[in-house]
Every structure is written in structure tokens, then in C-alpha cells.
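Each remark here refers to the structure printed beneath this line.
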Amino acid sequence: MNSEHLRYDTILTHAGRAPAQHSGAVNTPVYRASTILFPDLAALEAKEGTKLRYGRRGTPTTHALEDAICALEMADKALVTPSGVNAISVVLMAFAEPGAHFLMTDSAYGPARKFCELMLRKFGVETTYYDPAIGAEIESLIRPETKLIWMESPGSQTFEVQDVTAICTVAQRRAIPTAIDNTWSGGYFCQPLTQGVDISVQAGTKYISGHSDLMLGSIACRDAQYDRLRDTYLRFGVCVGGDDAFLAMRGLRTMAVRMAHHHTSGLKVANWLLQQEEVLRVMHPGLPGDPGHDLWKQHFSGASGLFGFVMRSVDRAALGRMFDGLTLFGMGSSWGGFESLLVPSNPSVYRSATTWTPGGQTVRIHVGLEDPDDLIAELRRGFDRLRE
Ligand SMILES: *Cc1c(COP(=O)(O)O)cnc(C)c1O
């Protein structure tokens, strides 16, 4: 597809599709393959150079998904993994070597930090966690052996927006590769590679899937990083099944309309929460009063449905009355599906470079595709039960 003059949403509906190659079917079909047969000896001998040679190395279905992810993230190349955590661990592993030093934001997703502490440390990689608000000051933490700078913006649980441009300017001057967890934006509201980041990772489990029925991860990068990442990926034997790749592409086709709804409804619910006496603070970078709002305006074209708020201190019994009566909001891990979620959280336990003292009970909310007025009514009833 020649996409030079097309707008982003148009590209997303067409990327990774080639109906003429699949009997006219609109969607790339599910290929289930391990063995790929070659027609003659010469073709078999030349297989090293071919894209299709063995199921673990990709099928037309997974290649189509990689093409679509490239369009979504405005990347040169992409790899897909069976989970978001797998995408994170492949990237971290690709830059690991004995004596290496990594810099990781203190607001990073818990399992990313755990991979550094419980896995990479064993192989002699040391990770320093930094204040997510560090910006250009990151330079003072760089050592001769620093091999990777890891960002996440906004941060998991606490939603601080990082000054990605300032960090990348320093990293480029010092020739240190940068990677970011871009799950919050779905890749739809932010394309970090256009802002100087080298590698953008996502849990496709969240907004790419969009339906809470799929585990998937993606790694999007510039050409310069691809060989190193793909090498690690192949060594670990990472691959994604055809059904999962198909579901991911199906989700991706409706991202534009879903994300617009998450943006509008999320802000509506966030603004309502701001006015409630039970709520001390709302952590949503799309709100003008949020500390990350100016950076968010620079780096994002919208907000997803995930944010947090801090309630006044409540005892366990009152919290139980509020949460146990919920009918529209589900309680459970993950987010990015069509449905809303509400879970108490405790971000303080993930920190080491900074402290996080909210002054009350933190709650994480995912605003799904329901009518936001129904969600607000349910939250109002929840606060009523809290006060009983
Ligand atoms: C959920 C999540 C992941 C991990 O994704 P899985 O598919 O569950 O492994 C990574 N980063 C962030 C920010 C997430 O929210």
C-alpha cells in the first residue's frame, strides 16, 4: 500500500491487508503452520533468504500483524510476542551483557522492574531507577557502561508523564538506545518513535486487542535496532499463534472509534470525580490541573480510558461496601477492553528512587465503552455506600 498521502486512521484500516493474495477475503486469514514445504531442492537450499520457512519464524498472519503494528506505531519494523511482559523481557534481554547498566523509570510497570531485579541481576546487569520527572537531568545518572534507558509514559499506577524528548536528546548525544512502554496510549494517541525513542513496546493485550480475550505484546523499532531485537527474539523461540494474531488485527481495525470514546468518556468521569468530596486527587494527564498536562499535550493526541484517583482514607469495611456493590465496573487485572474496571491499588510498594505518599486510598479505573453517565451513577452509589 502506498500510504504517503493518506491520513493515520485510513492507514490503520488498510495496513497489513492484502485481499488479492487471499482469494479476496477482506482480512488476512489464520495460517496455522509449523512445516513450510518447498517445491524443489533449489528452493529448499535457498530457504535461508525467504520470509516463510518455518512456523516459529512467522506466517502470513503474523507478518500482516507486524505490518499493521508498524503503521500504528509509525515504525520501520515490528515483532509480536505472546504477552506484553514477553515484549518487555525480549527488549531488556537484547541489551543485557555482564557489567551492563540500565536506567529505568521508577514509575515502570512492576514486572519490568522485576525482570531487572530477579533475572538480569543474576547475569551481572545493574539497574538504576530514576525519578520519572527527571527530564534532561538523566545525564547525571549515565555511566560509561549504561546500555539502555527505559521509560514509561504515563507511568503505571501513578500516571506521571515523562519528558521523553528531553531524555531522548541526552540519550542520542551519548549514543544510548532508548525504549518506552507505550501501552497506555495504545500506540494510537502517541507514536514515541517520532519523538526520538528507538523502541516502543506495548501490551497488545490492552487496547490493540480491545476485548479482554487475548494476550499479546508488540515491539516496534527503527531499522537500526531490528537485527539485535530479532536475534534475541529468535534465540528464545518467541512466536505468536495465527488465531491470536488474527484477533489482534480485528481489534486494531476499530481502534480509532474505540479510542475516541475512551478519551471522551474517561475525561468526563475524571472531571466528575474531581468534584467529589471523597476524592483527594485525580491522576489523569488530560486534566488541565494535572502536573503532566503540558507534556501530555505535547506528546499525545488524546487520552485513553485508564487513570487513577486518591480517596480520603477509608477503612476496609467501607471500601468493601463500595466495591462489593459494583455491577458495571469489574474487579480484575488488565484493562483496555470494552468494559470498565475499578481496582484498589498501592503504587507506593513499587518505588525505590522516589516515594509516593498519596495520603489516602489509591484506586485505578478503566473507563470502557459504556455510557459514561451510567458509570458516574454507579460511582455515586458506590460513594453513598462508603458513607453508610
Ligand atoms: C498489562 C501491562 C503490561 C503487560 O502486558 P501482559 O500482556 O499482561 O503481559 C505491560 N505494561 C503495561 C503498562 C501494562 O499495563
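Couple of notes before you dig in:
- Only lysines eight or more places from LYS297 in sequence, or on another chain, were considered; those with a Cα closer than 24 Å are LYS206, LYS268.
- Within region 8-252, antiparallel bridges make up roughly 40 percent of the DSSP beta bridges whose residues both belong there.
- Using a Förster distance of 41 Å, the FRET efficiency for ALA353-HIS5 (Cβ separation, nearest 0.05): 0.35
- Compactness index (Cα Rg / 2.2 N^0.38 Å), region 291-349: 1.41
- In this structure, the amide hydrogen of TYR129, modeled 1.01 Å from its nitrogen in the peptide plane, lies closer than 5 angstrom to those of MET104, counting only residues at least 5 positions away or on a different chain.
- Value of [θ]222 nm, deg cm²/dmol, for the chain, DSSP H segments ≥ 4, -39500 (n - 2.57) each, nearest 500: -10000 deg cm²/dmol
- Solvent-accessible surface of the chain, averaged per residue with a 1.4 angstrom probe and all protein chains in place: 43 square angstrom.
- Considering only GLY24, GLY266, GLY204, the Gaussian network model of the chain with Cα springs below 10 Å gives its largest mean-square fluctuation to GLY24.
- Alpha carbon centroid spacing (whole Å) that separates region 241-311 from region 155-193: 17 Å
- From phi via Karplus (6.51, -1.76, 1.60), per-residue ³J(HN,Hα) for region 8-19 in Hz, x at Gly/Pro: 3, 4, 5, 4, 5, 7, 10, 4, x, 10, 8, x
- Using a probe radius of 1.4 angstrom, the carbon and sulfur fraction of the accessible surface of region 256-386 is 52%.
- Stokes-Einstein D for region 8-252, Kirkwood Rh over Cα pairs, 20 °C, 1.002 mPa s (µm²/s): 115 µm²/s
- For region 249-305, the list of trypsin sites (Lys or Arg not before Pro) that fall in a loop by DSSP and count at most 15 other C-beta atoms within 10 angstrom is empty.
- Surface share of carbon and sulfur [accessible, 1.4 angstrom probe, percent] for region 152-210: 46 percent
The values are calculated or read from the model by the stated rules, or taken from the named source; none is laboratory data. As the structure is a computational prediction, the values presented were derived from the model and not from experiment. Note that each Cβ is placed from the backbone with ideal geometry, even for glycine, and that neighbours are counted across all protein chains shown. We work out accessible area using only protein heavy atoms, side chains counted, and drop any ligands, DNA or RNA first. Shrake-Rupley method; radii C 1.70, N 1.55, O 1.52, S 1.80 Å.
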